[in-house]
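Here's the structure we're looking at; comments come further down.
Read-outs throughout are calculated quantities, based only on the coordinates presented, and are distinct from any laboratory measurement. Since the structure is predicted, the reported quantities are computational estimates derived from the model, not experimental observations.
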Amino acid sequence: MFPNPSNGDNVYLKMNGLAPNEEILVVLNDVLGQQVFSKVMFADTNGTVLEAINGTQNLPAGVYLIVGSRRNIAYKQKLIIK
């Protein structure tokens, strides 16, 4: 995920090593566990996802948790909005 920390501009998510056209559910939660963003993304034919997470411009400063899940595997990373 980049840029991280973010100054409120769009944040980009990049994942490699996926199967072509594999489906990934991406969810962004605040520190209270409230969902602030959710989207199903698909890997390209090379098995890569590179997509903007729109809406981060409207998020208050703080720490968020982004979770990308596929085939019962979850990937987690903190996102800081300053």
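Structure above, values below:
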| read-out | value |
| --- | --- |
| Relative contact order of region 11-81, defined on C-alpha pairs under 8 angstrom at six or more residues apart (%) | 34 percent |
| Whole-number D in µm² s⁻¹ for the chain, Kirkwood Cα-pair radius fed into Stokes-Einstein, 10 °C, 1.306 mPa s | 124 µm²/s |
| Residue-span extension gain [residue 12 to residue 73] - 0.36 nm each, minus C-alpha spacing | 19.9 nm |
